[in-house]
Amino acid sequence: MVTVQTEELAPCRKRLRIEVSADQVTQVRKEVVQHFSRMARLPGYRPGKAPIPLVEKQFQKEIDEELQKTLVTHGFREAIQKQQIEVVRGLGTEDVRYLNGLSFSFAALVDCAPSFGLPDYSATTLPRAETGVSKEEVDQALDKLLEARATFSDAPARPLSEGDYAVLRYEGTIDGQPVKDVLPAAGILAGAEDQWLLVKPGVFVPGFTEGILGMEVGQTRALSVRFPEDWFFEPLRGKAVEYSITLSAIKERQIPSLSDALAKEIAGTDQSGLLSMVQSAVEAEKKRAARRDQANHILNTLLRSVEFPLPESLVEEETANAVREIVAENQERGIPLAVLEEKKSEIFSNARRLAAQRVKLRFLIERIAKNESVVIGDEELSRTIASLAQRQNLPPRQFIQRLPHESLEALKRQLLLEKVMDFLIEKAKVASV
């Protein structure tokens, strides 16, 4: 028999004081001892034939450890069933008390699912999505496809013009000191060798590309640039930097013209076939974008419609995930790690806000799924895993073996989110205008 006392520590956090009766402790201990007896190998006895008292004496410490572990597991499971508590995260045990022949007691700290009422999600109105494709959109997509196959060649002897690609060697100084020495984290803002730069206003440091117009290959020019007060790299905000710039080469970009030969090289078809493929791709992307917009509209409506407390342990875990994502995204954009370190308070604040939204949405989606009997079947999960495994050139079984348990759970939650979104979009009304 198990008795439970519940102590509310926070809206989603409880301390469960659990006591397992002496009779049950005796029964569990007997089972544990029997298990050790079957496995024990003692000198002079065949496996499983050693006297029980001898086994108990030989393995007393191990038996007590296994007993307490078993009692905690069984006691905890029975306690949450008895109290009908939906535990989302166990936070450990404390105050363990046990004397041979007496009851066993301990306290378990848990975070629980919040209690809340679902908002009305049955009559959401969605803005009308425009999924038609214009000739201009197809032309823009085709231009991007051709630009990706552009080649570069040295320009004839002439001054540098807008639209060229300049190959530069440059170094910046502040008050006569090299920027790379004063601010090691400044990266390419301090200087570079053989740096390619599109000569176009707004590219790189404000005023830099304008300041190199008219240069000729081999020429060196001094250029003073003042960084804006809102520049992303805080140590350079408002600072005047003197650059010594040498133009090593001028490159011109040649974008190929569409032809049957190029279309065949790109997609194994002629010009007409490639245009048709591009149009289909643009249409598909517009439909995906419209669906994303509809899903975001529903999600934002849901998030605004109800407030409820969140389990702190889940928010903390998701905050750590969000911090990693934000840092990785900014590093990919070329922002130095030193800059991110300076902004860690702001990053953490943004990450926590994002984490709270994700955790809140998780509970909303799971509750709607339960309410509407939306589930992810084994076949759906297997198809998704097979697709992900194929992208990594792995057999599905090997992919699963390498996938951490928490990643598999996250995948299931993502599939559930997408399926619930499909359900809600289908039920929603579309605005007439």
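Given the options Pro311, Pro47, Pro396, which has the most mean-square fluctuation in a GNM of the chain, springs set between C-alpha atoms less than 10 angstrom apart?
Pro47
Order the peptides 214-222, 273-281, 11-19, 60-68 from the highest to the lowest mean number of other Cβ atoms within 10 Å of their residues.
Top to bottom by mean Cβ count within 10 Å: 11-19, 273-281, 60-68, 214-222.
Near the amide H of Val88, under 5 Å away, which other amide H atoms are found, from residues 5 or more places off or on another chain, if H is placed in the peptide plane?
Counting only residues 5 or more places away or on other chains, the set is Asp111, Cys112, Ala113.
Below 8 Å between Cα atoms, with a sequence gap of 6+, how large is the relative contact order for the chain in percent?
16
Across segment 109-192, how large is the tail of the calculated P(r) beyond 18 Å, expressed as a percent of all Cα pairs?
Value for segment 109-192: 77 percent of Cα pairs lie more than 18 Å apart.
Report the one residue of Leu197, Phe116, Tyr98 whose Cα lies farthest in the direction of the positive end of the charge dipole of the chain (charges on C-beta: Lys and Arg +1, Asp and Glu -1; origin at the Cα centre).
Toward the positive end, the furthest listed residue is Tyr98.
Taking N as the number of residues in segment 1-153, what value does Rg over Cα atoms divided by 2.2 N^0.38 Å take?
Compactness ratio reported: 2.06.
Answer with one residue from Pro43, Ile18, Pro53: the one whose Cα lies farthest towards the positive end of the charge dipole of segment 2-112, charges on Cβ with Lys, Arg +1 and Asp, Glu -1.
Farthest towards the positive pole: Pro43.
Need the full-extension length gain, Gln279 to Ala22, defined as separation in residues times 0.36 nm minus the C-alpha distance. One decimal, nm.
Gain on stretching Gln279 to Ala22: 85.0 nm.
As an exercise, take the mean of 1/r over every pair of distinct alpha carbons in segment 269-430, invert it, and state the Kirkwood radius in angstroms.
Final number for the Kirkwood radius of segment 269-430 is 19.0 Å.
Can you give me the angle between helix 22-39 and the longest principal axis of the chain, using Cα atoms only, in degrees from 0 to 90, rounded to the nearest 10?
80
Might you report the magnitude of the Cβ-based charge dipole of the chain about its Cα centre, with Lys and Arg at +1 and Asp and Glu at -1, to the nearest 20 debye?
The calculated dipole for the chain is roughly 1700 debye.
Based on alpha-carbon centroids, what's the gap between segment 270-340 and segment 193-213 in Å, whole number please?
Between the Cα centre of segment 270-340 and that of segment 193-213, the gap is 31 Å.
Per-residue HN-Hα couplings for segment 194-207, Karplus 6.51 cos²θ - 1.76 cosθ + 1.60 at θ = phi - 60°, whole Hz, x for Gly and Pro?
These are the phi-based 3J(HN,Hα) values: 6, 8, 7, 9, 6, 7, 7, x, x, 8, 6, 6, x, x Hz.
In the Gaussian network model of the chain, springs joining C-alpha atoms below 10 Å, which of Val55, Val138, Val420 carries the largest mean-square fluctuation?
Among Val55, Val138, Val420, the largest mean-square fluctuation in the Gaussian network model of the chain belongs to Val55.
Placing unit charges on C-beta atoms (Lys and Arg positive, Asp and Glu negative, everything else neutral), compute the dipole magnitude of segment 8-80 about its Cα centre in debye, rounded to 20.
220
As I understand it, the value is the acute angle between the Cα axis of helix 378-391 and the longest principal axis of the Cα atoms of the chain; what does it come to in degrees, rounded to 10?
The answer is roughly 40 degrees.
Given the rule -39500 (n - 2.57) for each run of at least 4 DSSP H residues, summed and divided by the residues of the chain, what is its mean residue ellipticity at 222 nm, to the nearest 500 deg cm²/dmol?
Rounded to the nearest 500, it is -16000 deg cm²/dmol.
Using 0.36 nm per residue, how much length does the chain from Gln401 to Glu216 gain when fully extended, once their Cα-Cα distance is taken away?
Fully extending the segment from Gln401 to Glu216 adds 60.7 nm.
Looking at the chain from every direction and averaging, what is the projected area of its Cα convex hull in nm²?
About 35.0 nm², averaged over all directions.
Give the angle, between 0 and 90 degrees and rounded to the nearest 10, that separates the Cα long axis of helix 405-427 from the longest principal axis of the Cα atoms of the chain.
Value to nearest ten degrees: 70.
No value in this document is a laboratory result; all are computed from the given coordinates. None of these values were measured; they are calculated from a predicted model. FYI the Cβ positions are ideal-geometry reconstructions off the backbone, even for glycines, and counts take in every protein chain you see.
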